[in-house]
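Here the structure is laid out as structure tokens; the discussion comes afterwards.
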Amino acid sequence: MLAQTNTARFNPARTPIKAMPNIEITEECRALIESAAGAPTGRRLPNGNWLIPVNEATLAGLQQVRLRGETISDCIIRLMIVALHKYGLQ
């Protein structure tokens with residue numbers, strides 16, 4: 001018996017494009033990210049914070065490790081400090 005093959009092709013007109021989610025982070029958080037990994041893409045908001053696009057997996061991961069009452073910026077800073085302490089600056 002022959003296996004059926006999927007002959008469907010990717011059709012951008014039929015595939016909805018989802019925008020990447022954005023997170024709002026503080027200037028301190030952005031500076032820490034920049035010092036360790038380069039400047040993230042984003043735009044500065046009038047309140048001084050930054051709006052940074054992230055993929056859905058990153059956002060889901062941050063939400064999982066975020067502590068109660070902790071902001072996304074606090075969570076990222078905590079994770080960066082742990083990673084830098086454990087692995088050192090590269």
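What follows is calculated from the coordinates using simple rules that are stated; it is not laboratory data. Bear in mind that the values here come from a model prediction, so they are computed numbers and not experimental data. Every residue, glycine as well, gets a Cβ built from its backbone with ideal geometry; the counts of neighbours run over all protein chains shown.
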On full extension of the chain, what length is gained from Asn22 through Leu51, given 0.36 nm per residue of separation minus the C-alpha to C-alpha distance? 9.8 nm
From the square roots a ≥ b ≥ c of the eigenvalues of the alpha-carbon gyration tensor of region 18-83, which class results: rounded (a/c under 1.5), prolate (a/b over b/c), or oblate? rounded
What is the packing order of peptides 52-62, 37-47, 73-83, taking the mean over residues of other C-beta atoms within 10 Å and listing the highest first? 73-83, 52-62, 37-47
